[in-house]
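Asker: What follows is a structure written as C-alpha cells; I'll ask about it next.
The values are calculated or read from the model by the stated rules, or taken from the named source; none is laboratory data. If you're wondering where the values come from, they're calculated on a predicted model, not measured in any experiment. We place every Cβ from the backbone using ideal geometry, glycine too, and count neighbours over all the protein chains shown.
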Amino acid sequence: MSSLNVSKLEPQSSRANDQKAISRTPGAPRKRDRAGKQQALIQAALFLFSTRGYEATTTREISSVAGCAEGLIHRYFKGKAGLLPALVEDMMSKEVADIGHSIPLASTLEEDFLQLVSWEIERAWQKRDFFRVFIPRAMVDPSVGNVMNRAVVSGRATVIAERLRRYRQCAGLSPEEFEMLAQSVGVLGMIFGFMRPVLLGQDRRVAKRIGITLAKTLIRGIEH
C-alpha cells in the first residue's frame, strides 16, 4: 500500500460492498517470517482503522488485506485490541528514526528548532486520519495511551533533547527549561498540525504559520 492517508472516513455500507472494497485493496505480499507478517498486519490495520474506523474493522478484514491467516492476529497481538498499541509503537519508532535521517543538523539553535517544529506540524497533518482513530481510543483504552506516552514523552522527546543539547545556548537552561523546550516541539506539532486544522477547521497554512511564529518567539526568548 503506497499511501495510508485518507481525507475522511468512508461511509458505512453493506457487508457485501465492504468485502468487495477490501478485495480491491492491494495487500502486503505474503511473508514467511514472523516479523514480516507482523508488519503486514500492522500496515493493514493502519489502513483499515484510518478508512473504516476502529470499531467497524474486523480481524477477518485485516487478515484479508494483509494476506495472512486471521489467527496470527490473536497469536501476535492478542486480538484487535492489541493491534492499535502495536501500530502506535511501530509508527512512532519509525518517526523517531526519521528525525535523524530526514532532518539535517542546522548551524544554529533557532534554525534547528524551527525545522523540527515545521517537520512535526507536517507530520501531524499527514497522520491526521490516524489521530482521528487513536485519540478516541486512547481515552477509553489506557494501554494505547501508555504506549503513546512511552513513544512520545520518553522516546521522541529524548531524541529531540539529545539533538538540541549540542547547542551552547541550552547549557544555560535549567533542567525544567530544557525539558520544556524539547517537549514543545511535539506539542506545537500536534496543536498546529492536527488540532487547529482538523478539529477547529482552521486553514492548515494559516495554522502552520501561527505555529512557526510562536516557535520563533519561544526560541528567541531562549537565545536572548
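Asker: Report those helices (runs of 4 or more DSSP H) wholly inside the range 123-177 carrying at least 3 residues which are within 25 Å of ILE103 (Cα to Cα) and either at pLDDT 80 or above or not aromatic (Phe, Trp, Tyr) (or both).
Answerer: Where helices (runs of 4 or more DSSP H) fall fully within the range 123-177 and carry at least 3 residues being within 25 Å of ILE103 (Cα to Cα) and either at pLDDT 80 or above or not aromatic (Phe, Trp, Tyr) (or both), they are 128-140, 157-164.
Asker: Something else now. Mind checking which residues of the range 57-83 are under 21 Å from the mean Cα position of the chain (by Cα) and within 19 Å of ASP141 (Cα to Cα)?
Answerer: If the condition is that a residue be under 21 Å from the mean Cα position of the chain (by Cα) and within 19 Å of ASP141 (Cα to Cα), then THR57, PHE77, LYS80, ALA81, GLY82, LEU83 are the ones that fit.
Asker: Go through the range 169-203 and give me each residue that's of a type in the set (D, E, K, R), without any contact (Cβ under 8 Å) to a residue 12 or more places away in the chain and in contact with a helix residue (DSSP H, G or I) (Cβ under 9 Å, 6 or more places away or on another chain).
Answerer: If the condition is that a residue be of a type in the set (D, E, K, R), without any contact (Cβ under 8 Å) to a residue 12 or more places away in the chain and in contact with a helix residue (DSSP H, G or I) (Cβ under 9 Å, 6 or more places away or on another chain), then ASP203 is the only one that fits.
Asker: If the requirement is being among the small types (Gly, Ala, Ser) and surrounded by fewer than 21 Cβ atoms within 10 Å (Cβ to Cβ), which of these qualifies: ALA86, ALA44, ALA40?
Answerer: None of the other options fit; the residue is ALA86.
Asker: Right, next: Restricting to the range 89-101, count the residues that are hydrophobic (A, V, I, L, M, F, W, C) and surrounded by fewer than 13 Cβ atoms within 10 Å (Cβ to Cβ).
Answerer: 1
Asker: Can you tell me which residues in the range 178-224 are closer than 16 Å to ILE121 by Cα and either part of a loop (DSSP other than H, G, I, E, B) or among the β-branched types (Val, Ile, Thr) (or both)?
Answerer: Those that are closer than 16 Å to ILE121 by Cα and either part of a loop (DSSP other than H, G, I, E, B) or among the β-branched types (Val, Ile, Thr) (or both): VAL185, VAL187, ILE191, VAL198, LEU200, GLY201, GLN202, ASP203, VAL206, ILE210, ILE212, THR213.
Asker: Taking helices (runs of 4 or more DSSP H) that fall entirely within the range 4-82, which contain at least 3 residues that are at pLDDT 90 or above?
Answerer: 34-52, 59-66, 71-77
Asker: Inspect the range 196-212 for any residue being under 23 Å from ALA45 (Cα atoms) and buried (at least 20 other Cβ atoms within 10 Å of the Cβ) and give the result as yes or no.
Answerer: The answer is no; no qualifying residue exists.
Asker: Just name the residue that is farthest from ALA35 (Cα to Cα) out of those in the range 83-109 that are in contact with a helix residue (DSSP H, G or I) (Cβ under 6 Å, 6 or more places away or on another chain) and in a loop (DSSP other than H, G, I, E, B).
Answerer: ALA106
Asker: Taking PHE192 as the residue in question, decide whether it is within 24 Å of LYS94 (Cα to Cα), of a type in the set (Phe, Trp, Tyr) and modelled with pLDDT of 85 or more.
Answerer: Answer is yes for this residue.
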